[in-house]
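K.L.:
Dropping the structure in here first, questions after.
The values are calculated or read from the model by the stated rules, or taken from the named source; none is laboratory data. Computed from a prediction, not measured in an experiment: that's the story for all the values here. Note that each Cβ is placed from the backbone with ideal geometry, even for glycine, and that neighbours are counted across all protein chains shown.
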Amino acid sequence: MTPLHIGQRLAALSPTSKLAVMIGADAVFLPLFVFAAVTMRLGSVSEAAQTAPWVLLVIGWLTLPILGMAGLYRTVVRYIDLRVIAASSLALAAAVLVMFCLALAFDVHVIPRSAFLIYWFVAFTYVITSRFIARVLLRQNLKRAGRPRVRTAIYGAGDAGAQLAQTMQLSSDYQAVCFLDDRSVLHGKTVAGMKVYPPGALQEAILRHDVAQIVLAVPSAKTAQRRQLIAKVEHAGLPVKILPSLSHMVNGQASVSDIREVDVADLLGRDPVPPQPALFSRNITGKVVMVTGSGGSIGGELCRQIITQKPKRLVLLDHSEFGLYAIDHELRDADRGVELVACLGSVLDDALVEAAMREHGVHTVYHAAAYKHVPLVESNMQQGLRNNVFGSLAVARAALRCGVETCVLVSTDKAVRPTNVMGASKRAAELIFQAGALRAQAHTASPAGPAPGSAALAAARPWGAADGKTVFSMVRFGNVLGSSGSVVPLFKKQIQAGGPVTITHPDIIRYFMLIPEAAQLVIQAGAMAQGGEVFVLDMGEPVRIADLARSIIHLSGVTEKSAEHPDGEIEIKYVGLRPGEKLFEELLIGDDVVPSGHPRILCARERHIEPVLLDKMIESLRSACDANQPDAMLRQIRNVVPEFRPADEVNREVAASLQAR
């Protein structure tokens with residue numbers, strides 16, 4: 001019978017049967033090792049054979065319960081470690097010492113007393129050898145079971161990398177074969193039984209060890225460092241995976257279960273700036289907060305961040321039953337001790353929005369409800385304008401009427417010099433909130449409110465009576481990673497299907513930000529508002545979408561098919577810009593920008609429209625929407641947002657400037 005067959009037979013036994021085999025083997029061999037110890041002490045087998053058999057059995061079998069108390073029989077042999085061995089060694093030493101003392105106390109001479117020391121040595125050798133042989137047999141069976149293990153190069157020969165290599169020895173999925181590390185002092189050395197290569201020798205390591213996958217095991221690396229590490233290996237043509245940061249690993253220990261795919265956040269993310277506690281909690285702690293669009297990606301993340309600051313009550317408003325159910329269920333499972341109110345309905349329902357604010361005594365509103373997909377809003381202009389423009393009007397008007405303290409509009413970079421209906425509708429929403437700020441300021445300018453017949457009264461009248469203390473502000477930012485409609489999941493799905501990866505234009509660029517960071521900055525920006533500000537989030541450097549697609553292709557372990565590499569696997573196909581889409585986005589309309597109290601938030605003062613005039617414009621837009629006349633709707637939204645220009649015209653100008661460089 002081969003060792004493999006023995007391992008298979010052992011592995012097939014039940015835990016009780018395995019325990020019986022271990023105890024039975026020890027019950028047989030330990031008395032034999034007592035005899036061996038006596039033989040080595042006396043130097044003669046014949047003299048040792050004169051020892052009474054019962055003495056050998058008693059000494060050997062007395063050792064069994066002592067080893068059991070040390071935990072040797074409770075340990076899974078496949079995972080036995082040095083701690084168990086050390087405990088067994090101490091237990092054997094204690095057993096030998098007890099037996100030696102008893103023999104000395106009762107003047108027993110059935111075996112030489114010095115044989116007890118020899119017995120400790122040979123018994124300990126037996127315990128170690130037998131367990132490690134069993135472990136090798138069981139692991140050999142584990143490795144051969146099922147599909148072949150993935151031969152893996154580990155980038156990072158530090159503590160985390162060494163721990164990962166050791167846990168891979170027990171894995172049925174991965175086999176660690178070598179290390180890569182930037183530290184020259186480790187190059188050519190052996191860590192955890194494997195050679196360490198410099199990153200420049202990556203191809204040599206791949207060929208020599210038949211590497212099929214690379215795992216980055218530098219959990220202490222900052223985001224920028226992780227991007228550099230990924231850049232060093234992404235062109236190897238192998239799948240690349242990563243260990244999370246130490247804070248995300250169980251007990252801070254690296255294991256196979258921690259390995260994950262390289263996420264887009266690893267490619268585009270940046271080291272977060274921790275929220276400033278005073279700003280983060282100012283409009284939330286102990287207050288009633290409402291989030292519109294709470295079932296969406298941004299609204300949902302706002303809710304997750306808000307409940308960490310212990311509001312008195314959180315009101316969730318969304319028109320999607322499933323989206324509202326999902327976020328309500330998630331927040332209740334989190335059990336933060338915050339009262340939750342799920343309100344199903346649309347922001348277009350003025351009466352519903354105002355009733356919810358008034359009934360629950362809302363202090364702070366984050367208005368995230370919006371239609372945001374450019375092509376869909378372009379082809380459904382009426383509904384896009386109604387939801388984004390008149391929904392924002394309903395929220396702002398209800399906030400002022402109900403005396404809400406803070407009302408924050410979640411806006412988008414597409415509102416800056418828009419080339420599509422969605423961007424224009426969000427710019428109109430910004431203008432509505434700016435008008436709300438002017439109305440609130442008109443009320444607070446005089447304790448008695450606006451004077452009869454004054455322009456301020458005319459500005460306030462269409463929105464009804466109000467306490468006039470609402471602080472309106474807007475927060476503008478670009479694309480968020482992981483939101484619904486994000487390009488990254490689409491790219492991964494296309495790669496899994498064998499391609500092609502579709503991109504609208506080779507020169508298109510976008511700003512990206514992680515959803516949690518965006519939500520934290522929105523909350524902090526709203527807390528800094530005095531009334532009417534447009535806050536602009538620092539989005540970092542813009543990203544060329546074609547470069548992002550290539551990185552995702554490489555990290556998936558496949559190659560790009562192109563004219564230079566016709567044998568590649570995944571082609572990048574350019575399908576043309578979608579209706580209303582422009583090559584690049586902007587975050588500022590003018591140059592009147594000042595720093596705020598936060599390093600990643602800027603404050604801009606931008607053009608506004610007098611409230612009375614804006615009311616007339618909005619009503620004309622409403623009439624066009626009610627009549628569902630596309631030409632009239634376009635004409636009226638351009639009247640409100642005169643910087644709204646056709647995308648084709650803007651993109652031709654951009655293309656000309658790119659060619660001129």
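K.L.:
Report yes if VAL233 is assigned by TED's automatic domain parsing to the domain that holds ASP258, of a type in the set (Val, Ile, Thr) and over 19 Å from the mean Cα position of the chain (by Cα), otherwise no.
P.N.:
yes
K.L.:
To continue, here is another question. Just one of (1) aromatic (Phe, Trp, Tyr); (2) in contact with a strand residue (DSSP E or B) (Cβ under 9 Å, 6 or more places away or on another chain); (3) without any contact (Cβ under 8 Å) to a residue 60 or more places away in the chain trips up TYR371, so point out which.
P.N.:
Unmet for TYR371, out of (1) aromatic (Phe, Trp, Tyr); (2) in contact with a strand residue (DSSP E or B) (Cβ under 9 Å, 6 or more places away or on another chain); (3) without any contact (Cβ under 8 Å) to a residue 60 or more places away in the chain: (2).
K.L.:
Right, another one. Return the residues of segment 41-68 that are polar (S, T, N, Q) and without any contact (Cβ under 8 Å) to a residue 60 or more places away in the chain; say none if nothing qualifies.
P.N.:
The answer is SER44, SER46, GLN50.
K.L.:
Quick one: would you say GLY337 is in contact (Cβ under 8 Å) with a residue 24 or more places away in the chain, touching a strand residue (DSSP E or B) at 6+ places or on another chain (Cβ under 7 Å) and surrounded by fewer than 18 Cβ atoms within 10 Å (Cβ to Cβ)?
P.N.:
no
K.L.:
Take the residues in segment 593-615 that are within 17 Å of LYS426 (Cα to Cα) and of a type in the set (D, E, K, R); name whichever of them is modelled with the lowest pLDDT.
P.N.:
By that ranking, first place goes to ARG605.
K.L.:
Name the single residue that is nearest to ILE432 (Cα to Cα) among those in segment 616-634 being modelled with pLDDT of 95 or more and acidic (Asp, Glu).
P.N.:
GLU619
K.L.:
Continuing with the same structure: State which residue is nearest to the chain's Cα centre (by Cα) when the search covers only segment 256-285 and only residues that are of a type in the set (A, V, I, L, M, F, W, C) and assigned to a helix (DSSP H, G or I).
P.N.:
ALA265
K.L.:
Taking GLN140 as the residue in question, decide whether it is at pLDDT below 75 and buried (at least 16 other Cβ atoms within 10 Å of the Cβ).
P.N.:
Answer is yes for this residue.
K.L.:
Would you mind telling me which numbered condition in (1) at pLDDT below 95; (2) not in a helix (DSSP H, G or I) ASP333 fails?
P.N.:
(2)
K.L.:
If PRO566 meets every condition in (1) under 25 Å from ASP263 (Cα atoms); (2) at pLDDT 85 or above apart from one, which number is that one?
P.N.:
Of everything listed in (1) under 25 Å from ASP263 (Cα atoms); (2) at pLDDT 85 or above, PRO566 misses just condition (1).
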